Amino acid sequence: MDEVRAQERLVEWFGDVCQDVHGRLAALTDGEPASYIPELANVDPDRFAIATVAVNGQPTLLGDHEHRFTIQSISKLLLYGLALETHGRDQVLRRAGVAPTGDPFNAIELDDALHRAPNPMVNSGAIAITDMVDGDSFEERADVVLALFERYLGHRPDVDDAVCASEYSTGHRNRAIGYLLLDQGIIGDRVEETLDLYFMQCSILITTADLAMIGATIANNGVHPVTGERVVGPKVARDMLTVALTCGMYDYAGEWAYTVGIPAKSGVGGGIVGMIPGVGGIAVFSPRLDEHGNSVRGIRVFEELSQEFDLHVFDADQPWNP
Ligand code: GLU
């Protein structure tokens, strides 16, 4: 069998296994949708989608893959890449380190010794990173963020205005974090504008298919598999993957790295995106969350796929690299 046929067989096998996993895990109804704002609590909890996009652009789409949901914390990974690309590692590391915290994502904490946020995936680090988005006004900076998403998605995304307004009116804890960052001189004094931007980036609407495309782009060294556009440089993509592996799954990140071993980022909207370097992106959407804020079905999907295909980054015998 030639190599191309072998790859095709592998993709078929992957599609079949995803279908089986999707069918079986639909029965899993543990967990509850996020409830800190009514817009998230009111989602249909049974929605369930799995999407994958290989680095050659080939998709596998299952279930509610066209349903749009808010990206929430997954946006932190993309903004991190933007900051690295625009300002370089040194500037970024001055604001946020790369140490997993084991604490909740919204903990009000800084690395006091190093005078920065612990990492860019907790809110303190994410807000410090969002502050780095260039522009002279909210509109200009929002445009930079939406243009970034456009490069990943291949189209300009919409923002869920109702979610954004709710994030804004209930975001007192994030406001406290923003002002702590200002007090510590980690960010400048346009705190409210930066928080508006942060609430907006969390409220960007994506589908599970979009999310898999984001994953595939990062897994493809930063090159979009379909448009061929370079979205981030290879070293930036590598930094994004590293931080995703160590800090991407809230305070479950250590267990995730151990059991699943796929660089990934999750959001309280119910999405999880995983990146298999050099292979592709996997995305799952299911709004019922566990106590860490991760999608219950999403975790199970990744556990099963990781086991079935030896997708843990430290597995020596991945079928993708015969
Ligand atoms: N908008 C949420 C917050 O910052 C993001 C939550 C998340 O997905 O972790 O509170």
Sole miss for I108 among (1) of a type in the set (A, V, I, L, M); (2) within 16 Å of the ligand (Cβ to nearest atom); (3) at pLDDT 95 or above; (4) not in a helix (DSSP H, G or I) is condition (3)
Flagged in region 156-191 as within 18 Å of V144 (Cα to Cα) and in contact with a Gly (Cβ under 8 Å, 6 or more places away or on another chain), in numbering order, are V191
**Message:** I'd like to know if region 212-233 contains one or more residues that are within 16 Å of the ligand (Cβ to nearest atom), touching a residue at least 12 places away in the same chain (Cβ under 8 Å), within 30 Å of V279 (Cβ to Cβ) and in contact with a helix residue (DSSP H, G or I) (Cβ under 9 Å, 6 or more places away or on another chain).
**Reply:** yes
The lone condition Q91 fails out of (1) surrounded by 14 or more Cβ atoms within 10 Å (Cβ to Cβ); (2) more than 25 Å from E229 (Cα to Cα); (3) not hydrophobic (A, V, I, L, M, F, W, C) is (1)
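Results for (1) modelled with pLDDT of 95 or more; (2) among the charged types (D, E, K, R); (3) in contact with a Phe, Trp or Tyr (Cβ under 8 Å, 6 or more places away or on another chain), shown as yes or no for each residue.
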site	(1), (2), (3)
L241	yes, no, no
A257	yes, no, no
G261	yes, no, yes
I272	yes, no, yes
V284	yes, no, yes
S295	yes, no, yes
A316	no, no, no
W320	no, no, yes
Listed by first then second residue, the pairs whose first member lies in region 264-277 and is within 9 Å of the ligand (Cβ to nearest atom), whose partner is of a type in the set (G, A, S), with beta carbons under 6 Å and at least 6 positions apart or on separate chains, are G267/S73; V268/A34; V268/G293
Within region 111-126, residues being among the hydrophobic types (A, V, I, L, M, F, W, C) and within 14 Å of the ligand (Cβ to nearest atom) number 4
**Item:** Flag for V43 being more than 18 Å from M275 (Cβ to Cβ) and either among the charged types (D, E, K, R) or assigned to a loop (DSSP other than H, G, I, E, B) (or both)
**Value:** yes
Scanning region 195-210 for residues that are within 13 Å of the ligand (Cβ to nearest atom), touching a residue at least 40 places away in the same chain (Cβ under 8 Å) and not in a strand (DSSP E or B) gives L195, D196, L197, Y198, M200, Q201, C202, S203
Of (1) buried (at least 24 other Cβ atoms within 10 Å of the Cβ); (2) within 14 Å of the chain's Cα centre (by Cα), W256 fails just (2)
Being in contact with a Pro (Cβ under 9 Å, 6 or more places away or on another chain) and farther than 20 Å from N56 by Cα narrows A216, A253, A212, A237 down to just A253
Within region 168-190, the residues that are away from the ligand (no atom under 12 Å from the Cβ), surrounded by fewer than 19 Cβ atoms within 10 Å (Cβ to Cβ) and either part of a helix (DSSP H, G or I) or not charged (D, E, K, R) (or both) are S169, Y179, L180, L182, D183, Q184, G185, G188
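The values are calculated or read from the model by the stated rules, or taken from the named source; none is laboratory data. Remember, predicted model here, so these are calculated numbers, not experimental data. Heads up, the Cβs are rebuilt from the backbone with ideal geometry, glycines too, and the neighbour counts pull from every protein chain shown.
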